[in-house]
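*Asks:* This is the structure I want to talk about, given as structure tokens.
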Amino acid sequence: MTAATGLAAWAWSGVRDMAETAAGTLDATLNEHRIRLAVTGLSRSGKTVFITSLIQNLLALGHGRDTLPLVSARLAQAGHTRLRSVRLVPTGVETLPHFDFRGHFAALAAQQPAWPRRTQNLAQISLVIEADHASGLRQRLGRRRVRLDILDYPGEWLLDLPLLDRSFADWSRETLAALAVPPRQRHAAAFLDFLRAIAPGDRQDDGLARRGHDLYRRSLEACRDEAGLHYLQPGRFLCPGPQGEAPFLWFFPLPGVPETPAAGSLGALLRDRFETYKRQIRADFFDTHFRAFDRQVVLVDVLGALHAGQAAFEDTARAILDLAQALRDGWGFWSRRRWLGLVRPIEHVAFVATKADHVPALNRTNLRNLLEALAQPAARSWETVRAPVSYHAAAAIRSTEDGSAVLGGRTVEVVKGVVLGEDRVRPFYVGQVPSAVPPASFWTGQYFAMPVFRPPLIDASGTAGIRHLGLDEVLDAVIGDLL
Amino acid sequence: MSEVASGRLQPPLLLQAEQDGPQAIGADWNPPALAAPPSRFGSAGYLGLGFGILLASWLLVSVVTAIAGAFAISPGLGAGATLLAALGAGLVAFAGLREWRSLRRLRQVEALRAALRDGADPEAARRLSLEWLGDLGRHVPEAAAAAAMLADAADPAEIRALLRGRLADRLRGATRAIGLRAASEAGALVAISPHPSWDGLIVALRGVRVIRQVAELHGLRPGPVVTMALFGRVARSAVETATVDLMSQAAADHVLNGLPVIKHLGAISGASTAAFRLYRLTQAAGQACSPLAE
């Protein structure tokens with residue numbers, strides 16, 4: 001009897017385990033959809049703010065507040081919502097740092113609110129949207145779960161992507177050609193002077209390499225901070241990440257360097273470091289984290305580029321084009337894997353002109369159209385692989401409201417917001433936003449730094465979400481079909 | 001294109017602050033509530049309510065008439081009838097209050113489950129957890145220790161981890177024990193029941209008791225209304241969250257019932273089915289009653 005009972009227990013547990021595993025797989029197949037959402041964009045385009053607002057507004061939606069009208073309309077059925085819950089996925093054994101959503105939200109909702117600081121490292125966060133199936137039959141099989149894995153990272157790193165397919169000689173030639181014209185030329189004067197004193201065939205000298213690297217990096221920082229430029233390589237020179245400074249980073253573009261510099265020369269040392277850099281970022285970042293995304297949001301601060309002048313605008317356009325092509329084609333080995341059909345294609349790409357709250361309502365369509373004109377060459381490259389592309393003008397956090405003001409005797413449309421550090425609303429007239437890539441006559445040569453408005457009042461409990469502009473449109477375009 | 005061709009009309013300009021303007025933006029942000037699922041209060045509900053009102057008003061009129069009649073006979077009889085009526089009304093009110101408190105407790109458990117799952121408001125999660133632990137402490141001694149640790153928890157995820165670490169196994173074990181006891185009792189009763197038509201009744205009655213026991217274990221106080229509400233939740237839990245488990249158990253049951261060893265252990269197929277059903281009901285009730293479930 002004891003043996004029989006033991007056999008029965010053994011049979012029970014074995015069959016049960018097998019059935020549970022099979023049923024778990026069936027449940028995941030029927031009800032679960034996992035989406036890796038890459039929120040990409042150049043530095044200061046607002047990736048961290050976008051992710052924070054997206055998460056908080058989705059959580060508030062899960063609490064029953066209609067913070068994202070287009071998304072809730074998608075979830076509506078027979079006059080009520082199919083949405084059951086939205087929750088953050090608890091951390092497990094991930095090796096990536098966790099996106100500090102709570103910290104960013106707390107800073108934005110504080111009495112003295114602050115925008116997130118420049119992102120310095122990779123971070124990931126996941127959330128699950130749970131809703132009833134639309135079909136009555138499938139409702140019997142459980143609830144639909146859409147898991148969103150979202151990655152945040154320094155925007156500077158993204159521009160290393162076009163670097164991966166270039167040799168040191170090619171990269172040096174292209175970079176130095178760009179440095180030779182304004183406004184880069186002005187900010188890189190000290191570095192260019194330094195280059196005149198060295199040659200690729202000089203004996204390798206670590207002190208010389210370090211000195212050249214420091215000067216080059218300072219010129220990149222000046223181009224970024226003073227001229228508003230984005231196309232600055234290598235990205236780790238501006239944002240080294242958690243590893244900090246390592247000797248393989250100490251290189252710089254060298255004029256006249258051959259494809260194969262002589263052994264023991266300065267050119268060979270810099271070439272070796274450049275190749276090590278490429279291997280390192282490929283292994284640490286691109287192959288590891290960028291390979292598997294399904295849908296893509298590309299954030300572009302069109303307005304900031306427009307007002308930073310012609311050079312900054314053209315620099316941004318070039319950056320977007322190169323990035324789009326690099327992201328489409330993959331890099332090295334992965335492009336061949338795509339050809340073999342082993343890599344899933346991108347399912348949707350959304351270009352978003354951020355900080356649309358700096359533009360009054362009448363001009364927002366122009367902003368969207370300008371973004372489309374700017375991104376068209378890049379978008380075409382995606383359309384060739386049949387990824388749907390959409391364009392949006394949005395503000396993940398809306399810090400202004402529309403209004404009017406009298407300027408030069410005439411009434412103009414403005415936005416009104418509280419400038420960070422001040423305590424009163426100020427109207428901001430953004431000027432004319434062109435609806436297409438502007439001609440040369442448009443540019444005045446004046447640089448205008450966009451005002452930084454204080455975040456709006458945000459309910460610290462988070463239940464009301466965050467005031468935004470068009471975030472629901474972006475989200476609906478990117479994941480609406482899954483809900 | 002015309003605005004492009006004409007060039008920029010006016011450069012961007014940050015104007016002077018408005019002296020009488022607001023000091024902050026965003027006070028108007030107040031997203032409306034989502035449309036809630038339709039009320040289940042359909043025709044049957046209106047019918048029940050109507051009959052309830054008719055019955056209550058008939059009772060009220062009858063009682064008032066009876067009291068007035070008693071006073072007409074003699075003041076002493078009237079006073080006695082009034083006292084009895086007041087006692088009856090008081091008991092009804094007391095029962096209603098108990099039901100209301102039970103329902104409130106059920107709502108709190110649901111709110112706690114949502115707070116722990118969504119992780120949006122740490123203070124709400126902590127407050128609701130402490131309230132739940134206070135009720136749970138009547139059956140689960142470990143609840144007091146868990147409550148003491150909650151003060152140091154930083155966020156809802158940590159609170160949930162603490163509660164799970166301290167209580168989940170204990171609750172699961174106790175739920176399982178209830179399920180096994182109910183299964184064996186129901187199996188034995190079905191095995192000796194004189195007619196198969198009694199089997200369903202036995203399982204149903206024992207099922208109600210199982211749900212009440214599991215609810216009490218999880219800190220709820222199930223009166224009739226809450227028990228009915230729990231039946232709905234248990235059904236949803238079985239369909240939505242435990243679909244997989246039920247499917248796997250069904251497969252396991254099928255295979256297990258087919259094993260010769262089990263067949264010859266004396267288990268009668270009807271009895272074993274009743275036992276399995278009650279055991280599964282207990283598991284689903286545990287899912288429905290626990291704020292720690294997903």
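*Asks:* How much solvent-accessible surface does A:S172 expose, in Å² to the nearest 10, with a 1.4 Å probe and all protein chains in place?
*Replies:* Spelled out: A:S172, probe radius 1.4 Å, area about 0 Å².
*Asks:* Starting from the residue with the highest accessible area, list B:I67, A:I397 in decreasing order, probe 1.4 Å. Intermediate values should be presented prior to the final figure.
*Replies:* On the way: B:I67 30, A:I397 10 Å².
So, going from the largest accessible area down, we get B:I67, A:I397.
*Asks:* Calculated FRET efficiency, A:T365 and B:L180, Cβ-Cβ r, R0 51 Å, to nearest 0.05? Intermediate values should be presented prior to the final figure.
*Replies:* Values: r = 67 Å, r/R0 = 1.31.
According to the calculation, E is roughly 0.15.
*Asks:* Grab the beta carbon distance between A:V452 and B:E216, set R0 = 60 Å, and tell me the FRET efficiency rounded to 0.05.
*Replies:* Details: r = 57 Å, r/R0 = 0.96.
The computed FRET efficiency comes out at 0.55.
*Asks:* So if I place +1 on the C-beta of Lys and Arg and -1 on the C-beta of Asp and Glu, and nothing else carries charge, what would the dipole magnitude of the range A:33-154 be about its Cα centre? I want it in debye, nearest 20.
*Replies:* Details: 18 positive and 7 negative charges, 68 e Å.
Rounded to the nearest 20 debye, it is 320 debye.
*Asks:* Okay, moving on. For the pair A:Q77 and A:E422, what calculated FRET efficiency results from E = 1/(1 + (r/R0)^6), where r is the Cβ-Cβ distance and R0 = 35 Å, to the nearest 0.05?
*Replies:* Numbers: r = 46 Å, r/R0 = 1.32.
After rounding, the FRET efficiency stands at 0.15.
*Asks:* What number comes out for the charge environment of B:G173, summing +1 per Lys or Arg and -1 per Asp or Glu over other residues with Cβ under 14 Å away?
*Replies:* Values: positive: B:R164, B:R166, B:R170, B:R172, B:R176, B:R181; negative: B:E142, B:D169.
With Lys, Arg at +1 and Asp, Glu at -1, the neighbours total +4.
*Asks:* Per 0.36 nm of contour for each residue apart, how much would the distance between A:D170 and A:E221 grow if the chain were fully extended, relative to their Cα-Cα spacing?
*Replies:* Numbers: separation 51, 0.36 × 51 = 18.36 nm, distance 2.22 nm.
That works out to 16.1 nm of additional length.
*Asks:* Would you work out the charge dipole size for the protein assembly as shown about its Cα centre, treating the Cβ of every Lys and Arg as +1 and the Cβ of every Asp and Glu as -1, and quote it to the nearest 20 debye? Present the calculation step by step, with values, prior to reporting the outcome.
*Replies:* Details: 84 positive and 73 negative charges, 364 e Å.
The dipole magnitude comes to about 1740 debye.
*Asks:* If you take the charge dipole of the protein assembly as shown about its Cα centre, with +1 on Lys and Arg Cβ and -1 on Asp and Glu Cβ, which of A:P258, B:G134, B:I211 is farthest toward its positive end?
*Replies:* Of the options given, the answer is B:I211.
*Asks:* Still on this model: May I ask for log10 I(q)/I(0) of the protein assembly as shown at q = 0.07 Å⁻¹, from a Debye sum over the Cα atoms as equal point scatterers with solvent left out?
*Replies:* -0.69
*Asks:* Another one. Just by accessible area at a 1.4 angstrom probe, what is the order of B:T273, B:T282 from largest to smallest? If you can, show how the numbers build up before the last one.
*Replies:* On the way: B:T273 50, B:T282 0 Å².
So the residues, ranked largest to smallest area, are B:T273, B:T282.
*Asks:* Now, a different point. Roughly how many nanometres apart are two label points built 7 Å out from the Cα toward the Cβ at B:L87 and A:A110?
*Replies:* Roughly 6.6 nm, to one decimal.
*Asks:* May I pose another question? Determine the gain in length on full extension of the stretch A:T411-A:L7; use 0.36 nm per residue of separation and subtract their C-alpha separation, reporting nm with one decimal. Don't skip to the answer; put the middle values down first.
*Replies:* Details: separation 404, 0.36 × 404 = 145.44 nm, distance 8.80 nm.
Value of the extension gain: 136.6 nm.
*Asks:* Over the protein assembly as shown, what is the percentage of antiparallel beta bridges among all DSSP beta bridges, to the nearest 5?
*Replies:* Values: 33 of 57 bridges.
The antiparallel proportion sits near 60 percent.
*Asks:* Treating only the Cβ atoms of Lys and Arg (+1) and Asp and Glu (-1) as charged, compute the dipole magnitude of the range A:133-222 about its Cα centre; round to the nearest 20 debye.
*Replies:* Numbers: 16 positive and 13 negative charges, 180 e Å.
Using Cβ point charges on Lys, Arg, Asp and Glu, the range A:133-222 gives about 860 debye.
*Asks:* Taking the simple approach of a point 7 Å from Cα along Cα-to-Cβ for both B:D20 and B:A56, what is their distance in nm?
*Replies:* Modelled inter-label distance: 5.4 nm.
*Asks:* Further, regarding this structure: Note the count of lysine pairs whose C-alpha atoms are less than 30 angstrom apart in the protein assembly as shown, limited to pairs 8 or more residues apart or on different chains.
*Replies:* Numbers: A:K47/A:K278; A:K47/A:K355; A:K47/A:K416; A:K355/A:K416.
Lysine pairs meeting the criterion: 4.
*Asks:* Right, next: With each label point set 7 Å from Cα along the Cα-Cβ vector, what nm distance links B:R164 and B:A33?
*Replies:* Between B:R164 and B:A33, the simple spin-label model gives 3.1 nm.
*Asks:* Hey, if you put +1 on the Cβ of every Lys and Arg and -1 on every Asp and Glu Cβ in the protein assembly as shown, which of A:T67, A:Y153, B:Q108 ends up farthest toward the positive end of that dipole?
*Replies:* Farthest towards the positive pole: B:Q108.
*Asks:* Students sometimes get this wrong: rank B:Y46, B:Y279 by accessible area, probe 1.4 Å, all chains present, largest first.
*Replies:* Working: B:Y46 145, B:Y279 35 Å².
In descending accessible area the options line up as B:Y46, B:Y279.
The values are calculated or read from the model by the stated rules, or taken from the named source; none is laboratory data. The model shown is predicted, which means the values in this text are computed figures rather than measured ones. No Cβ is skipped: glycine too gets one built from the backbone with ideal geometry, and neighbour counts run over all protein chains shown. SASA here: full protein model, heavy atoms, side chains in, ligands and nucleic acids out. Shrake-Rupley method; radii C 1.70, N 1.55, O 1.52, S 1.80 Å.
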